[in-house]
Amino acid sequence: MTPTARRDRVPTVVFSGGRGAGALIERLLADRRVEVSIVINGYDDGASTGEVRRFLGDALGPSDFRKNAGRAARTLATTTDAVIDLLDCRLPAPCPPELADQLADVIASGTGPEAAARIVALSRRLEVADRAAIVQATTAFEDERRRGGRPFAFADCAVGTFCDNPSWGVYEGALPATANARIRSAHATPRRHVSRRAAAKRLYRRVVRELSR
């Protein structure tokens, strides 16, 4: 970008995990004079995020991306609260086997075991197209789990955990479709020999280059 070039919005980058910068991001997103880029560290490996990373293999942790996508979608009203609330809803701990094995059916039918009462209530609030997208994504996860035969610990996992893989992709429809919010991965290659400092430097240079275009 040349010194004389003009922007309609002020470019702003927020480095965020899943929740820490939530209040700041919401305020920035609400200001149409600001163009927000949310850069997310995808190395979280705790709790349900760690479980889905182990299941997927060599993958960044998806949960923080979903949380930021949900926050942006809610602030910009690009999807319904029912979608965001359901994707953020966590399965019980311990999780009954019948719920783990039939999650897509529970969401599709709006009925299920007592342990799924919260999921059932939220699924009944979904619009038809949203329900179909989440059921499709959850079914794809179930098919992959059964095909691969790999174990998965469902307890305390968010429903959105099963929709976070790009190949299942329910959240694409919920992501803001405006230039006012861009959610980016801190996608330094997740190899153990790459130090956090080196990865941070590479990420910083990349962000500067993109904002200078």
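Bear in mind these aren't lab numbers, they're just calculated from the coordinates by the rules spelled out. Since we're looking at a predicted model, the values are computed, not measured. Positions of Cβ are backbone-derived with ideal geometry, glycine not excepted, and every protein chain shown enters the neighbour counts.
Full extension of the segment from Asp143 to Leu56, taken as 0.36 nm per residue of separation minus the current Cα-Cα distance, would add 30.0 nm.
The Ala77 and Ser109 beta-carbon pair, evaluated with R₀ = 35 Å, returns a calculated FRET efficiency of approximately 0.80.
Remark: the Cα gyration tensor places the range 79-170 in the oblate category, a/c being 1.5 or greater and a/b not exceeding b/c.
Compute the FRET efficiency between Asp31 and Cys89 as 1/(1 + (r/R0)^6), taking r as their Cβ-Cβ distance and R0 = 35 Å, and round to the nearest 0.05. Spell out each step's value before the answer.
Working: r = 30 Å, r/R0 = 0.85.
Efficiency, rounded to the nearest 0.05: 0.75.
Each residue of the range 102-110 was assigned a 3J(HN,Hα) from its phi angle through the Karplus expression (A = 6.51, B = -1.76, C = 1.60, θ = phi - 60°), giving 10, 4, 4, 5, 4, 5, 5, 8, x Hz with x at Gly and Pro.
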